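Just so you know, all these numbers are worked out from the coordinates, no wet-lab data involved. Nothing here was measured: the structure is a model prediction, and the numbers come from that model. With ideal geometry, Cβ positions are generated from the backbone for all residues, glycine too; neighbour counts draw on all protein chains shown.
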Amino acid sequence: MAENAGQNNDAAVEARDGEDTEIRDTDIVFDCPHCGKSQVIDYRGAGLQIDCTQCGETVLVPIPEGMELNDLDLDPGEILKQLFATRRNFQKAELQIAALKARLVQLQETLGVMQEVVAEGIAGR
Ligand SMILES: [Zn+2]
């Protein structure tokens with residue numbers, strides 16, 4: 001990062017092949033909507049149109065959730081902080097989903113037991 005300090009890095013951002021490229025923490029990874037090929041692009045490419053490395057179609061780079069285009073005008077350190085925070089939140093959300101799914105299974109089991117009790121109650125009348 002230090003070597004880029006103070007420099008306006010407006011160089012064209014190009015997609016790389018998602019399968020044989022090293023992916024950095026700050027990269028955006030997505031699949032080409034035309035051919036499904038995995039694309040990797042620097043976070044500065046968010047919201048830009050690029051050419052797919054496989055089929056050459058123009059594809060729109062998705063903007064990571066929680067990231068605003070205006071954020072691209074922030075200094076890189078700030079953007080990275082936001083990106084990492086977004087990822088942490090995403091991981092937390094995934095853990096919550098897993099916990100909720102487990103709870104749902106429990107509730108469905110309880111419901112099953114209750115339905116049996118009700119059925120027995122009706123049958124016993
Ligand atoms: Zn493609």
Report summary line: From the option list ASP51, ASP27, ASP42, single residue qualifying as out of contact with any helix residue (DSSP H, G or I) (no Cβ under 9 Å at 6 or more places or on another chain), more than 16 Å from the ligand (Cβ to nearest atom) and closer than 17 Å to VAL13 by Cα is ASP42
Requested in this report: Kindly provide the set of residues from the range 88-110 that are under 15 Å from ILE28 (Cα atoms) and either in contact (Cβ under 8 Å) with a residue 40 or more places away in the chain or among the acidic types (Asp, Glu) (or both), ordered by number.
Outcome: none
